[in-house]
Every structure is written in C-alpha cells, then in structure tokens.
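Peer 1: Before I ask anything, here is the structure I am working with.
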Amino acid sequence: MKRKFNFIAILLIGLTMLLAACGGGSEESNGSSSSGDGDKKTVDYPTKNIEVLVGHGAGGGTDLFTRAVTKQLEELLDVNINVINQEGGAGVIAAKNAFNAPADGYTLVGDAAFPITTAAGTNEHGLDDFVPIARFQADTYALWVDPKKYDSIEDFIQAAKDNPGKITVGGTGSMGMDEITVFQLGQAAEVELSFVPMQGSGEMHAGVIGGHLDAMVDEFGPTKALYEDESIKPLVVFAEERLEQFPDLPTTFENGWELADGNERGFYVKKGTDEEIIKILEEAMKKAYDSEEYQQYEEDSFLHLREGWLNSEDFTKRTEELIEKYKVVMEELQK
C-alpha cells in the first residue's frame, strides 16, 4: 500500500508541475512582451498624441508630405498627431531633438535629407540612432530652362562646354540633393556647371524666368503651372525610362548618364523603440500610403511618377546604400 501511495503522490506532483508550466506560459503570452502570439497586439500603443518633427519649413515638400500622411494616420491610429516644424541643418535639428526624446514611438521624424546629412557628417545621429519606418516618395528631378534660351539638352551641354564654369544652375539650399544632382550631372556629362543655392523654389523659378539663371533642377509638382504656361520647359528627366506623362522628354540614362536619384521622403523613429511599435507604425503607414486620399495627393503633386513605397527593412537597406554613395560624392564635391 505504501508503494502504491508513493506512486500516486509522484503522479499528482508531476501533473501539478505540468499544469503550472502550461499556466505560466499562458500568462507570459498575455503580457507586454512582443514574444506572444504574432497575431495579437501585445503592446498598448498608441495611447497618447504623437509628434512628428519636420526639419524643413512649413509649406515645403517635406512638410506637405508629412501632413498628408499624418492626416490619414490620425484616423488609422485614433490619436492626434502634431506636426512640428524645426528648421535647421536640412533636418539635423529635428533629428537631434528626436534623439533626445524617449524611444517610445511618440516622437517621429519626417525627413528627405537623412542619407545626405548623415553622409556629410552634419547629422551625428545616423542609423546607429534611428530606424527607418517607411519610405513614401522617391521624387523625380528634371533640368528646367527658359524655352527661348535652350532648345534641347544637347544645346545646353554644348553651351556648358563652350563656357566652362559659367553656366549657372539653381537649386534649393546648399550641400543637399539639388547640389549633388547638379554636381553629378556635370561629372557625367564632363562639363563644369556652376551651382547657385537659392532660398526656395519661388526664388529659383524667378531666376530662370528672369534670365538670372541658365537652368534649375526641380521636381515636376512645383513647376507644373510654369510648365503649363510655357514659362519654362524640361530638357531632361533624371530617370531610367521615359515618363508616361512626358513621353517626348529624354532621360539621363538615354544620354549615358546613370543618374536617377531624387529626394526620398519617409519617417524615422529612435532606435530602441519596441519592435512591435515600429511594426504597428509601418502597417498603419502602408494603409495610409494605399489610401485613396493619399494617392490623389501624390497624383495632384506629380509625386506618383515612380513608386515610392518601401517598408522598414527595404527602406533601411536603401538608406544604408545612399549613405555610402553620398559619402563618396561629398568627398569629391568638397575637393
């Protein structure tokens, strides 16, 4: 009887331990850890307002893009999202302030110059400190001129060859995407172009129309009205293939110049933010990108000329590639 009792006691103890183990696992899966059921939300986010810091002025391309996206995100995430403009250093000030905030997903950065400022060393908080969440736009640049001055890209390049360093090309800001674009065009076409930094698109457009600039690099959205009234015209588009909307416009690749970069606008969050929070933001942003309202905004602004969406993983890889690429360009540009 004693042996039988011991056997039953041991069996009961074993069953008790097994049930405790199962219960412990169930309790852990319902906690705040992201190791729970992948189909269930295991972090309570968001529960308060989100701030998006934009390192560029109100009314500019990055500001308008950020506001178009956050308008959709507010409905998707059911919280208020405040866009705060913090101009300075082409996004550097905004990145610094976001880095100084907690890594909790409530402070994001909307930016277009992150790879460039990181490559230039002006942004001390690169991919060691930030995680790219999603890219929305990959802008398409063109070289614009007064139609009475140049008839074709061949005419423009010949003028640059005949007048080394005297052909002026305007762009917004200094040491940014516009200056990089002009510098790379000069290198590819083997001509010396003189870049002129401008305060904004309005000043730049006036410079071309008034004859103070020979050309400018700009996107299609800001130039739409001037193109339609024939005040300016594009000579070449920085793209691999001709645009459906401008089938007669030659591309840089057709001319043997492998140049197709433009501003790439997206969102970043401080490294250390819970991975599930980043996933929640990424999924919400994809829904915002696919929304009818956002797609219409892109079309109205001529930002739909090539696919812009990249998820967090692909956007991170793309950012890494651009940083390494622009490091080389910056070294050559500053010689």
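The values are calculated or read from the model by the stated rules, or taken from the named source; none is laboratory data. For clarity, every value in this text was computed on a predicted model and none was experimentally measured. Backbone-built Cβ (ideal geometry, glycine too); neighbour counts: all protein chains shown.
Peer 1: Could you list all residues from the stretch 205-223 that are outside any loop (DSSP other than H, G, I, E, B), touching a helix residue (DSSP H, G or I) at 6+ places or on another chain (Cβ under 9 Å) and not β-branched (Val, Ile, Thr)?
Peer 2: 205, 215, 216, 218, 219
Peer 1: For the structure I just gave you, tell me whether residue 273 is in contact with a Gly (Cβ under 6 Å, 6 or more places away or on another chain) and farther than 30 Å from residue 246 by Cβ.
Peer 2: In short, yes.
Peer 1: Among the numbered criteria (1) in a loop (DSSP other than H, G, I, E, B); (2) free of Cβ contacts under 8 Å to residues at least 60 places away in the same chain, which single criterion is violated by residue 175?
Peer 2: The one condition residue 175 does not meet is (2).
Peer 1: How about the stretch 235-276: which of its residues are of a type in the set (A, V, I, L, M, F, W, C), surrounded by fewer than 20 Cβ atoms within 10 Å (Cβ to Cβ) and under 20 Å from the mean Cα position of the chain (by Cα)?
Peer 2: 260
Peer 1: Counting just the residues of the stretch 86-101 that are at pLDDT 95 or above and out of contact with any strand residue (DSSP E or B) (no Cβ under 8 Å at 6 or more places or on another chain), which one comes out farthest from residue 48 (Cα to Cα)?
Peer 2: Once the filter is applied, the top-ranked residue is 96.
Peer 1: When you check residue 233 against the structure, is it among the basic types (Lys, Arg) and closer than 19 Å to residue 153 by Cα, yes or no?
Peer 2: yes
Peer 1: Return the pair list, or none, for Cβ contacts closer than 6 Å from residues in the stretch 277-288 that are touching a residue at least 24 places away in the same chain (Cβ under 8 Å) and in a helix (DSSP H, G or I) to residues that are buried (at least 18 other Cβ atoms within 10 Å of the Cβ) and among the polar types (S, T, N, Q), at least 6 apart or on different chains.
Peer 2: 282/312; 288/72
Peer 1: Just need a number here: residues in the stretch 189-204 that are touching a helix residue (DSSP H, G or I) at 6+ places or on another chain (Cβ under 8 Å) and part of a helix (DSSP H, G or I).
Peer 2: 1
Peer 1: Still on this structure: Among the residues of the stretch 47-56, is there at least one that is at pLDDT 95 or above and assigned to a helix (DSSP H, G or I)?
Peer 2: Within the stretch 47-56 (the criterion being at pLDDT 95 or above and assigned to a helix (DSSP H, G or I)), the answer is no, since none of the residues qualifies.
Peer 1: May I ask you to list the residues in the stretch 167-187 that are out of contact with any helix residue (DSSP H, G or I) (no Cβ under 8 Å at 6 or more places or on another chain) and not small (Gly, Ala, Ser)?
Peer 2: Matches in the stretch 167-187: 168, 178, 181, 182, 185.
Peer 1: Now, a different point. Just a yes or no: is a residue in the stretch 263-272 more than 30 Å from residue 186 (Cβ to Cβ) and in a helix (DSSP H, G or I)?
Peer 2: There is no residue in the stretch 263-272 that is more than 30 Å from residue 186 (Cβ to Cβ) and in a helix (DSSP H, G or I).
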